[in-house]
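Down below is the structure, laid out as structure tokens.
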Amino acid sequence: MNEATATLIEQMLARVRTGLPAHDNVPQIRRWLDFNNHRFGPVVDAPLDCDHVAILDASLEPEKLGHPSRDGGENLTLWWRAMQARVAPRIGIGRYAEDRGIYDHPEEVRDDKARKIHHAIDIFLAPGTNVLCPFPGTVEDFGNDAERHGFDGIVILRHETDDGVPFWTFYGHLAPSGLAILQRGQRVAPGAVIGRLAAETENGDWPPHLHFQLMTHLMGWKAIEVNGLSRSDQWELWREICPNPNIVLGIGADCAAPVARSKAQLLRERQRHLAPSFSLAYDAPLKIVRGSGCHLYDETGAAYLDMVNNVAHVGHAHPRVVAAASRQMHDLNTNSRYLHDNLATYIRRLAEILPPELSVIYLVNSGSEANDLALRLAHAHTGARDVVVVDHAYHGHLSSLIDISPYKFDGPGGEGRPAHSWVAEMPDPYRGRLRSGDKEIGPAYAESVATLVMDMIALGRKPMAFIAESIQGCGGQIPFPPGYLQAAYGHVRREGGLCIADEVQVGFGRVGTHWWAFETQGVVPDIVTMGKPIGAGHPLAAVATRPEIAANFANGMEYFNTFGGNPVSAAIGLAVLDVIRDERLLANARDRAAQLMDGLRRLAQQHRVMGDVRGLGLFIGVEFVKDRGTLQPDADALKRLIEAMKSARILLSSEGPHHNVLKVKPPLVISAAECDHFLGTLGRTLRDLSL
Ligand SMILES: Cc1ncc(COP(=O)(O)O)c(C=O)c1O
């Protein structure tokens with residue numbers, strides 16, 4: 001590469017890394033292409049719709065292909081030929097942005113890095129096929145790159161946007177003999193033949209195909225110097241210099257491959273385009289590319305045991321869930337305004353596992369939507385607005401829910417408690433006002449709810465609802481003391497308020513002994529909200545309530561939810577319920593919970609930093625303290641532990657108002673061996689850190 005081009009690359013890389021376009025013309029060219037592509041003519045005289053093309057995947061690992069680029073390239077030729085033969089008579093398409101594992105040959109490695117990311121789209125057609133100019137241009141340059149596995153005949157056309165901004169189209173693997181008719185600067189009209197595809201014999205041993213590349217900058221290159229591939233660590237730049245040429249070709253297939261980028265590149269892109277309020281786990285973030293069962297895999301293939309994912313309830317990427325989604329996606333996805341078997345079956349199946357009183361179901365897309373709808377239902381039924389919440393609770397990210405989430409309104413950036421939110425004391429048997437040893441602490445803590453309701457009434461207001469998770473989650477993984485919800489529900493109902501159980505985190509059998517955690521408190525809520533595990537990663541959520549509450553909500557205003565209850569979501573929800581049943585996951589939750597609680601309690605006997613081990617089923621918290629007498633929280637020790645466990649390839653996180661509660665809530669499919677591995681590693685790590 002010449003020195004001027006190398007300098008240009010460095011300068012442009014510096015620009016894109018600070019969030020600027022590679023050069024000033026990029027946005028204008030992109031815009032012109034977007035709004036003018038309907039006028040472009042064909043580049044090859046062949047049908048490129050989805051029925052006539054097939055993708056040739058050259059991203060496979062070279063091991064699987066027997067290193068086709070070894071052996072002086074002999075195998076490379078054979079490989080492409082075989083790939084094309086496999087899809088014939090369809091037209092083979094080589095993808096844009098593909099990381100071409102097949103070019104992983106020492107000869108292809110330059111500058112210590114392999115140039116393997118493909119800048120162009122390849123179209124495999126018969127030799128002699130005419131190549132056409134798609135829109136007005138002039139001949140910029142042409143040449144013959146006659147090296148073996150070079151481009152052979154090349155043409156570069158220069159074009160201009162309506163504002164006179166130049167850009168180029170690049171055509172490789174043309175028959176060199178056909179270039180004689182061209183002259184630099186010559187005008188080329190749309191539809192004019194600019195060359196024809198070379199036969200293998202005159203084409204450096206490549207099977208006949210067109211390498212079609214779009215370029216927003218020529219980088220100081222002559223035709224025979226142009227790169228058709230780039231280094232993956234420079235992709236941020238090259239995707240702007242050589243944008244996806246399908247904007248010109250209009251091939252009806254997915255001919256762009258996703259480019260795997262380095263963590264540094266991904267971080268830069270996140271910082272540039274993702275709102276800064278989103279956070280990442282860990283000091284050095286992980287790039288996770290695959291999941292299976294209780295494991296997540298990073299880009300190097302390293303496996304991490306996921307001990308904290310209650311969304312992947314039945315395990316990551318469960319094959320039955322994936323198959324159900326893809327099957328239904330293949331047939332139909334639309335809104336709930338048409339009759340569909342999936343919706344009807346799913347709401348019946350959900351109703352079957354809920355208390356019979358809660359027979360009416362709404363399907364929505366997130367836990368927040370479910371809780372917001374619960375508030376609307378409660379308002380329609382009671383006419384009131386005031387809500388009692390448990391201190392430190394979190395119920396979702398919508399405005400209506402930030403208002404009733406002390407974790408948010410009292411936390412960083414919060415604007416304090418709104419007048420309609422009433423915050424009840426958190427019933428925390430470990431560090432609260434009343435401790436485990438005290439008598440009847442559940443009902444005693446619920447007195448706080450009674451007091452708030454009385455205060456409300458004294459002000460001439462009345463309770464609309466009491467909302468609580470059935471086990472406190474963000475508040476620190478705290479199972480409520482016995483009798484708490486029963487007493488709290490009683491106080492609110494006495495004054496006409498409804499009781500909402502937020503089962504977004506803890507539902508669907510996580511507690512093992514019951515489908516719902518509220519059942520462990522011997523209550524039946526008026527409204528139950530469900531989310532996270534319900535769709536094993538798919539955005540599905542639900543609200544269940546009593547018919548008379550639903551009837552009051554149906555006041556003439558239609559409830560329309562574009563995605564809620566669509567056939568794909570319902571298929572996924574059904575698959576999750578089937579897996580829980582068929583893989584005996586309720587029993588597994590019980591057994592593994594017993595194993596984990598036993599192991600954690602044993603560790604707590606040896607490590608005084610583990611002040612409290614608590615939980616219900618596979619929803620477990622371990623509270624880290626500096627001193628078991630004063631209960632001074634030790635968030636720092638927990639942070640160090642979580643980072644060290646990550647190094648040992650186990651994923652965990654912290655919770656609670658003091659950030660000192662280790663949160664353990666693995667997928668329900670966790671095995672006995674995985675629990676043993678977790679406990680063993682935790683013990684070793686605690687010892688290594690001298691905790
Ligand atoms: C208890 C609880 N309720 C509601 C929500 C909101 O769910 P989503 O993030 O799906 O909107 C969450 C999310 O963390 C939650 O933990």
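Residues that are within 14 Å of the ligand (Cβ to nearest atom) and of a type in the set (G, A, S) were ranked within segment 395-438; the one that is modelled with the lowest pLDDT is G411. Kindly check whether there is at least one residue in segment 439-449 that is at pLDDT below 95 and of a type in the set (D, E, K, R). Scanning segment 439-449 turns up at least one residue that is at pLDDT below 95 and of a type in the set (D, E, K, R).
Report yes if some residue within segment 352-361 is away from the ligand (no atom under 16 Å from the Cβ), part of a helix (DSSP H, G or I) and in contact (Cβ under 8 Å) with a residue 24 or more places away in the chain; otherwise report no.
Step one: list which residues in segment 352-361 are away from the ligand (no atom under 16 Å from the Cβ), which gives 352-361.
With the extra rule that they be part of a helix (DSSP H, G or I), the set shrinks to 352-353.
Still in the list and also in contact (Cβ under 8 Å) with a residue 24 or more places away in the chain: 353.
Yes, segment 352-361 has at least one match.
Each row is one residue, and each column tells you yes or no for (1) touching a residue at least 60 places away in the same chain (Cβ under 8 Å); (2) more than 16 Å from the ligand (Cβ to nearest atom).
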{"site": "I549", "(1), (2)": "yes, yes"}
{"site": "L577", "(1), (2)": "yes, yes"}
{"site": "D598", "(1), (2)": "no, yes"}
{"site": "R608", "(1), (2)": "no, yes"}
{"site": "I620", "(1), (2)": "yes, no"}
{"site": "G629", "(1), (2)": "no, yes"}
{"site": "D634", "(1), (2)": "no, yes"}
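If I filter segment 363-379 for residues that are away from the ligand (no atom under 16 Å from the Cβ) and either part of a loop (DSSP other than H, G, I, E, B) or surrounded by 17 or more Cβ atoms within 10 Å (Cβ to Cβ) (or both), do I get at least one hit? Within segment 363-379, one or more residues are away from the ligand (no atom under 16 Å from the Cβ) and either part of a loop (DSSP other than H, G, I, E, B) or surrounded by 17 or more Cβ atoms within 10 Å (Cβ to Cβ) (or both).
Only one residue in R184, R158 is at pLDDT 95 or above, within 20 Å of L33 (Cα to Cα) and of a type outside the set (A, V, I, L, M, F, W, C), so which one is that?
Working: R184 fails: within 20 Å of L33 (Cα to Cα).
Criteria check complete, one pass: R158.
Within segment 415-453, the set of residues being assigned to a loop (DSSP other than H, G, I, E, B) and more than 25 Å from T520 (Cα to Cα) comprises E415, G416, R417, P418, A419, H420. Answer yes if at least one residue in segment 292-310 is under 29 Å from Y362 (Cα atoms) and of a type outside the set (S, T, N, Q), and no otherwise. Checked segment 292-310: at least one residue is under 29 Å from Y362 (Cα atoms) and of a type outside the set (S, T, N, Q).
Can you say whether H392 is within 16 Å of the ligand (Cβ to nearest atom), part of a loop (DSSP other than H, G, I, E, B) and either more than 33 Å from the chain's Cα centre (by Cα) or without any contact (Cβ under 8 Å) to a residue 60 or more places away in the chain (or both), as far as the supplied structure shows?
On the way: within 16 Å of the ligand (Cβ to nearest atom): yes; part of a loop (DSSP other than H, G, I, E, B): yes; either more than 33 Å from the chain's Cα centre (by Cα) or without any contact (Cβ under 8 Å) to a residue 60 or more places away in the chain (or both): no.
Taking the combined requirement at face value, the residue does not satisfy it.
Taking first residues from segment 526-542 that are farther than 21 Å from S359 by Cβ and partners that are of a type in the set (S, T, N, Q) and away from the ligand (no atom under 11 Å from the Cβ), the Cβ contacts under 8 Å between residues at least 6 apart in sequence or on separate chains come to G535/S569; H538/S569; P539/S569. Selection over segment 481-518 of residues that are farther than 20 Å from A444 by Cβ, more than 16 Å from the ligand (Cβ to nearest atom) and assigned to a loop (DSSP other than H, G, I, E, B) gives a count of 7.
For G573, state whether it is farther than 30 Å from K626 by Cβ, within 16 Å of the ligand (Cβ to nearest atom), at pLDDT 95 or above and in a helix (DSSP H, G or I).
Details: farther than 30 Å from K626 by Cβ: yes; within 16 Å of the ligand (Cβ to nearest atom): yes; at pLDDT 95 or above: yes; in a helix (DSSP H, G or I): yes.
Considered against the rule, which asks whether it is farther than 30 Å from K626 by Cβ, within 16 Å of the ligand (Cβ to nearest atom), at pLDDT 95 or above and in a helix (DSSP H, G or I), G573 comes out as yes.
Are any residues in segment 529-570 of a type in the set (V, I, T), closer than 20 Å to P319 by Cβ and either surrounded by fewer than 24 Cβ atoms within 10 Å (Cβ to Cβ) or at pLDDT below 95 (or both), and if so, which ones?
Just the residues of segment 529-570 that are of a type in the set (V, I, T), to begin with: 529, 534, 543, 545, 549, 562, 568.
When the remaining residues are screened for being closer than 20 Å to P319 by Cβ, the result is 534, 568.
Selection gives V568 alone.
Could you say whether any residue in segment 311-319 is without any contact (Cβ under 8 Å) to a residue 40 or more places away in the chain and exposed (fewer than 13 other Cβ atoms within 10 Å of the Cβ)? Yes, segment 311-319 has at least one match.
Could you count how many residues in segment 481-521 are surrounded by fewer than 23 Cβ atoms within 10 Å (Cβ to Cβ), within 33 Å of the chain's Cα centre (by Cα) and within 23 Å of M464 (Cα to Cα)? Number of matching residues: 1.
Yes/no matrix, rows are residues, columns are (1) in contact with a His (Cβ under 9 Å, 6 or more places away or on another chain); (2) among the acidic types (D, E); (3) more than 19 Å from I347 (Cα to Cα):
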site	(1), (2), (3)
T520	yes, no, yes
V523	no, no, yes
G531	no, no, no
A536	yes, no, no
G556	no, no, yes
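Could you check segment 631-652 and list, in sequence order, the residues that are of a type in the set (D, E) and part of a helix (DSSP H, G or I)? Before the answer, list the steps.
Step one: filter segment 631-652 for residues of a type in the set (D, E), giving 634, 636, 643.
Scanning segment 631-652 gives D636, E643.
M464 falls short of the stated requirement of being within 16 Å of the ligand (Cβ to nearest atom) and either under 19 Å from S368 (Cα atoms) or under 39 Å from the mean Cα position of the chain (by Cα) (or both). What tally of residues in segment 423-444 results from selecting those that are surrounded by 19 or more Cβ atoms within 10 Å (Cβ to Cβ) and free of Cβ contacts under 8 Å to residues at least 40 places away in the same chain? Summing the residues that are surrounded by 19 or more Cβ atoms within 10 Å (Cβ to Cβ) and free of Cβ contacts under 8 Å to residues at least 40 places away in the same chain in segment 423-444 gives 1.
Considering only segment 445-480, state which residues are within 15 Å of I620 (Cα to Cα) and surrounded by fewer than 24 Cβ atoms within 10 Å (Cβ to Cβ).
Result: C474, P479.
Based on this model, can you work out whether G621 counts as within 30 Å of the chain's Cα centre (by Cα), within 22 Å of D428 (Cα to Cα) and either modelled with pLDDT under 95 or outside any loop (DSSP other than H, G, I, E, B) (or both)? Considered against the rule, which asks whether it is within 30 Å of the chain's Cα centre (by Cα), within 22 Å of D428 (Cα to Cα) and either modelled with pLDDT under 95 or outside any loop (DSSP other than H, G, I, E, B) (or both), G621 comes out as yes.
The values are calculated or read from the model by the stated rules, or taken from the named source; none is laboratory data. From a predicted model like this one, the values you see are computed outputs, not experimental measurements. Ideal geometry is used to build each Cβ from the backbone, glycine not excepted, and the neighbour counts take in all protein chains shown.
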